Amino acid sequence: MEIVKEPAWETFLLNNQPSKKFEQYYTQRLKEDHDGYWQTLAEAETAYLINSTIPIVDFNRETVGKKDVDLIAKLGNDEIYIEVTTSQYKSDTNSDLQQDSKLLRAMKHASNKFLTTSKNLLVMYDEQLKSSFYDPGFIQDDVPATYFNCHFFEYADGKTIDMYKISALLLFGQRKYPDYSRDYNVWENKNAYNPLNLERLQDILKTQFKRVTTTSVEVTEV
C-alpha cells in the first residue's frame, strides 16, 4: 500500500520536539522505516502535545522482557509510561464489532508492554474516526469504561488482557483539514494498579492543544 506523506506536518513535528535528541531520533526513523511512517508521526505528535505541559524525558524505555514503551513523561516525582498506537485512514466505516476489535488490539498491545508498577497511558490515534465523539458513528463513551471495569479480558482462545495495567486511555480521531485539529476523548481507569489523575492531562487537551495550518505551518491556539 502506497504511503502518502505530509511534508509540512512532518517538518512541523520534527521542529517542535522536546529536545534535539527526539528530533534526531524521529528523523532517523522516518528515513529507515518507510512502512512505519504514520506510527513515527503519531509518536512525534504525542511527544509534542504532552511536552507542552508535562515534560517528555525519554523514549524507548525497556519494560517487559525485550519490549519497550514509546515515551516517558515526568510529572512531579512520577514517571508516566506512554504507548502510542495508530491506524491508517480508510474511507469506509467500521462496524461496531470491527471498531471494538481495533480498540482491544490497542489495549492488548499496550498491556503487553506496561509494567504493573508504573503509571501507564495508552494513546490511540484512529484516522478512521472522523465524526464527533458524540455522534452515533463514533466510539461510544461507555466502551472503554466497560473494559476498565474488568481485571482480565479473556479471548475465546484463552489469551487475556490485563486491563489494570492501563491507567488511562487517550483517543484521538482523524485530523481535520485545513487546521489539523482533532476530536478526542479520554478515560481514566480507576481500577488500575497505578491510577493516573487526568486533571493535568485534561488541562493540556483543553488549553494547550495546538493546530497547524496546511499552508504556512503556523501554530495557533485552538
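The values are calculated or read from the model by the stated rules, or taken from the named source; none is laboratory data. These numbers were taken from a predicted model, which means no experiment stands behind them. For neighbour counting, all protein chains shown are included, and Cβ atoms are generated from backbone atoms with ideal geometry for every residue, glycine included. Please note that ligands, DNA and RNA were not included when accessible areas were found on the heavy atoms of the full protein model with its side chains. Shrake-Rupley method; radii C 1.70, N 1.55, O 1.52, S 1.80 Å.
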Under-5 Å amide H pairs with Ala168, H placed in peptide plane, nonlocal only | Asn120, Leu122, Asn189
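Counting only protein heavy atoms, what percent of the accessible surface of the range 1-107 is carbon or sulfur at a 1.4 Å probe?
On the way: 2650 of 5510 Å².
Here carbon and sulfur together make up 48 percent of the probe-accessible area.
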From phi via Karplus (6.51, -1.76, 1.60), per-residue ³J(HN,Hα) for the range 173-181 in Hz, x at Gly/Pro = x, 4, 5, 9, 10, x, 9, 6, 6
Once all protein chains are kept in place, His109 shows an accessible area at probe 1.4 Å, nearest 10 Å², of 80 Å²
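As a test of reading the structure, rank Val57, Val186 by solvent-accessible area (1.4 Å probe, protein chains only), most first.
Reading off the accessible areas and sorting them downward yields Val57, Val186.
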Excluding residues fewer than 8 places away in the same chain, name every one of the aspartates and glutamates whose C-alpha is closer than 17 Å to that of Lys102.
-> Glu83, Asp92, Asp126, Glu127, Asp141, Asp142, Glu154, Asp162
Mind ranking 169-175, 9-15, 60-66 by how tightly packed they are, going by the mean number of other C-beta atoms within 10 angstrom, highest first?
-> 169-175, 9-15, 60-66
From phi via Karplus (6.51, -1.76, 1.60), per-residue ³J(HN,Hα) for the range 107-113 in Hz, x at Gly/Pro | 5, 5, 4, 6, 4, 5, 9
Determine the distance separating the Cα centre of the range 1-78 from the Cα centre of the range 99-128; give it in Å without decimals.
-> 17 Å
Too long for a 29 Å Cα-Cα cut-off, among Lys113/Lys190; Lys113/Lys176; Lys66/Lys176; Lys21/Lys113, are Lys113/Lys176; Lys66/Lys176
Calc'd 3J(HN,Hα), the range 101-106, phi into Karplus 6.51 cos²θ - 1.76 cosθ + 1.60 (θ = phi - 60°), Hz, glycine/Pro = x, comes to 5, 5, 4, 5, 4, 5
